[in-house]
Amino acid sequence: MKSNIDQRRALEALRNGVPNREAVRILGCSQPKAENAFLERLDTVQSAAHSGKQAKGLLVSGGFGSGKSHLLDHFEHLALEQNFVASRVVISKETPLFDPTKMFLAAIDGATVPSVKGEVIREIAQLLDPRSDAYLEFSEWAKQPSSGLSPLFAATLLLHERLHNDPELVDQITNFWSGERLAISRIRQGLKQIGYGGLFALKPVKVTDLALQRFRFASRLMMAAGFSGWVLLIDELELVGRYSQLQRGRSYAELARWTGRASGDAYPGLFTVAAITDDFGLAVLQEKSDRDLIGTKLRAKETDEFVTIAARAEVGMRFIEREALPLRPPDESMLAESYQRLKALHGAAYNWEPPEIPAADAAMSKLMRSYVRLWVNEWDLRRLYPNADICTEEEPALRPSYVQDELLEVSQAAGESDE
């Protein structure tokens, strides 16, 4: 039985509109279409990976307070139950979608591993069994040019397996896999210790390229350690609408990449679900003319890199317009079930019998968050002031802003790495 503290924390999270894990568990999922789509795609991750492909990702859309974050939390629980590593990434100033380096660091920092605690990559690496078929396949794959990896990864994997007298370097290797720097000279020194000094041609890698390779390596590392794959859950994607036009274009291209729609650039074992506001297509793709101008603007730079980004950006924009799965508004049966669950939660949290609350007025917003906050707040007031006349008014629904914010213009790392 859950303690009163856990139940009260769940209620506090619901009051603030940011449900925690306990609140998500209690409320469950009221989006069967989205849940079924998620589970169906989740089932394809391993078969796609064995074919060198990436499972096609999902995009869910809804208004502010419609339950997008709640749904991603629910998806995280489902993924963990099926032995996936799950990473929650919220797009923000610190984590811009167009920067793969910061996306990788956020994904590792926000990762949850079934039945494992501690630093994610370090703990996963300890589960590797060099004698297993999965490890042997992984090790052989990392050596091949077709893997898309720098020889740095095959070299460090070999060192992690065989270097037993230098725990400091082994520790630095798992840090490198997690996103930290590691000097090439240090790797060469380790290779000499195990008699493989001239086996790998090690060269510096661009920071952005290294981040993308880390994503590819980490997803296969997780599978080699016995996990089903890596689920990446991207929230508040609509913040992209406040970037400059150039960075919006880069972000659309990255969305295509992470959802498995970038031609010739697969991340086997990785499965991505993103959430975005339902008015993004109209407010940004149409009214800001991104759909018509982004591709032309990127191609005008006349480099192979930007021609590729332009094509992927157009794929990303079509994905938003055509494939976003809208969340359904709460109907009477959904409201009745949620109401009873919340009533039981409030009663257990405060050891009382919450009174019935009259049905919400017809003018009430059709957002689940509004109903939840109304019920919780009214029970709070009735518990504290049992003899008072309670009248709860709903505040106007908030709408996201798509006005460009220069503070979000974070420079993308493009230099050479000394790894």
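The values are calculated or read from the model by the stated rules, or taken from the named source; none is laboratory data. Please read these numbers as outputs of a predicted model, since none were measured by experiment. So basically every Cβ, Gly included, is an ideal-geometry build from the backbone, and we count neighbours across all protein chains shown.
Sort out for me the helices (runs of 4 or more DSSP H) sitting completely within segment 270-357 that have 1 or more residues that are under 30 Å from Met222 (Cα atoms), in the same structural domain as Phe98 (by TED's automatic domain parsing) and not basic (Lys, Arg).
Numbers: elements: 290-299, 304-323, 332-350.
Because the criterion is at least 1 residues that are under 30 Å from Met222 (Cα atoms), in the same structural domain as Phe98 (by TED's automatic domain parsing) and not basic (Lys, Arg), the helices (runs of 4 or more DSSP H) in segment 270-357 that meet it are 304-323.
Here are some residues: Gly316, Gly260, Gly269. Which one is more than 16 Å from the chain's Cα centre (by Cα) and modelled with pLDDT of 95 or more? Break it down into steps so the answer makes sense when it comes.
Details: Gly260 fails: more than 16 Å from the chain's Cα centre (by Cα); Gly269 fails: more than 16 Å from the chain's Cα centre (by Cα).
The match here is Gly316.
Take segment 32-48 and flag every residue that is under 19 Å from the mean Cα position of the chain (by Cα) and either outside the structural domain of Gly264 (by TED's automatic domain parsing) or hydrophobic (A, V, I, L, M, F, W, C) (or both). Before you say what the answer is, go through the steps one by one.
To start, the set of residues in segment 32-48 that are under 19 Å from the mean Cα position of the chain (by Cα) comprises 34-46.
Of everything in segment 32-48, those that are under 19 Å from the mean Cα position of the chain (by Cα) and either outside the structural domain of Gly264 (by TED's automatic domain parsing) or hydrophobic (A, V, I, L, M, F, W, C) (or both) turn out to be Ala34, Ala37, Phe38, Leu39, Leu42, Val45.
Evaluate the following for Phe200: is it outside the structural domain of Asn83 (by TED's automatic domain parsing), among the aromatic types (Phe, Trp, Tyr), buried (at least 17 other Cβ atoms within 10 Å of the Cβ) and closer than 23 Å to Phe227 by Cβ? Steps first, please.
Details: outside the structural domain of Asn83 (by TED's automatic domain parsing): yes; among the aromatic types (Phe, Trp, Tyr): yes; buried (at least 17 other Cβ atoms within 10 Å of the Cβ): yes; closer than 23 Å to Phe227 by Cβ: no.
No; evaluated as a whole, the condition is false for this residue.
Can you name the residue in segment 156-208 that is small (Gly, Ala, Ser) and over 29 Å from the mean Cα position of the chain (by Cα) and is also nearest to Ala107 (Cα to Cα) among such residues? Write out each step before concluding.
First, pick out the residues of segment 156-208 that are small (Gly, Ala, Ser): 178-179, 183, 185, 190, 195, 197-198, 201.
Narrowing further to those that are over 29 Å from the mean Cα position of the chain (by Cα): 183, 185, 190, 195, 197-198, 201.
Values: Ala183: 23, Ser185: 28, Gly190: 29, Gly195: 35, Gly197: 33, Gly198: 34, Ala201: 29 Å.
Taking the candidates together, the pick is Ala183.
For Val231, work out the one condition from (1) assigned to a helix (DSSP H, G or I); (2) under 16 Å from the mean Cα position of the chain (by Cα); (3) among the hydrophobic types (A, V, I, L, M, F, W, C) it doesn't fulfil.
Exception for Val231: condition (1).
Give the number of residues within segment 62-85 that are small (Gly, Ala, Ser), touching a Leu at 6+ places or on another chain (Cβ under 9 Å) and surrounded by fewer than 23 Cβ atoms within 10 Å (Cβ to Cβ). If you could, list the steps in order and put the result at the bottom.
To start, the set of residues in segment 62-85 that are small (Gly, Ala, Ser) comprises 62-63, 65-67, 69, 79.
When the remaining residues are screened for being touching a Leu at 6+ places or on another chain (Cβ under 9 Å), the result is 62-63, 65-67, 79.
Cutting the leftovers down to surrounded by fewer than 23 Cβ atoms within 10 Å (Cβ to Cβ) gives us 63, 65.
The total comes to 2.
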